Amino acid sequence: QVQLVESGGGLVQPGGSLRLSCAASGNIFSINAMGWYRQAPGKQRELVATITSAPSTDYADSVKGRFTISRDNAKNTVYLQMNSLQPEDTAVYYCNANIISRRGFGSYLPYNYWGQGTQVTVSS
């Protein structure tokens, strides 16, 4: 019922910037934490950044100071502004959101959803 659609990935030169967007739609009562993960070829998926409903943020050490996560609750959208991109940032980036859906009167179900992934390639 809930889906996350990502956009903004692509090819960029080292030192460049990209802005990823992830819009959630469907049976959404409320959204708790949202975040971005990435997976490079031959590596495990790793946490990039998270943002709560407060909102408070958390970043991986490798992206701290370069990436900024934000959210627009009215649009059910989370963003990842990526600056000073380096080749090691090349990966498939996945959006994640913990969403509470209404199942019935007084019944709510939290669930962790994933986007389809968007490719970010940093190369000259």
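The values are calculated or read from the model by the stated rules, or taken from the named source; none is laboratory data. None of these values were measured; they are calculated from a predicted model. Note that we place each Cβ from the backbone using ideal geometry, even for glycine, and neighbour counts take in every protein chain shown. Only protein heavy atoms, including side chains, enter the accessible area calculation; ligands, DNA and RNA are left aside. Shrake-Rupley method; radii C 1.70, N 1.55, O 1.52, S 1.80 Å.
Structure above, values below:
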{"item": "Residue list for segment 108-120, restricted to those being open to solvent by less than 40 Å² (accessible area, probe 1.4 Å) and either assigned to a strand (DSSP E or B) or not small (Gly, Ala, Ser) (or both)", "result": "118, 120"}
{"item": "Subset of segment 59-82 [without any contact (Cβ under 8 Å) to a residue 60 or more places away in the chain, within 13 Å of residue 95 (Cβ to Cβ) and open to solvent by less than 20 Å² (accessible area, probe 1.4 Å)]", "result": "69, 77, 78"}
{"item": "Enumeration of residues in segment 1-58 that are in a strand (DSSP E or B), farther than 18 Å from residue 83 by Cβ, among the charged types (D, E, K, R) and touching a residue at least 24 places away in the same chain (Cβ under 8 Å)", "result": "6"}
{"item": "Some residue of segment 94-107 being surrounded by fewer than 13 Cβ atoms within 10 Å (Cβ to Cβ), in a strand (DSSP E or B) and not small (Gly, Ala, Ser)", "result": "yes"}
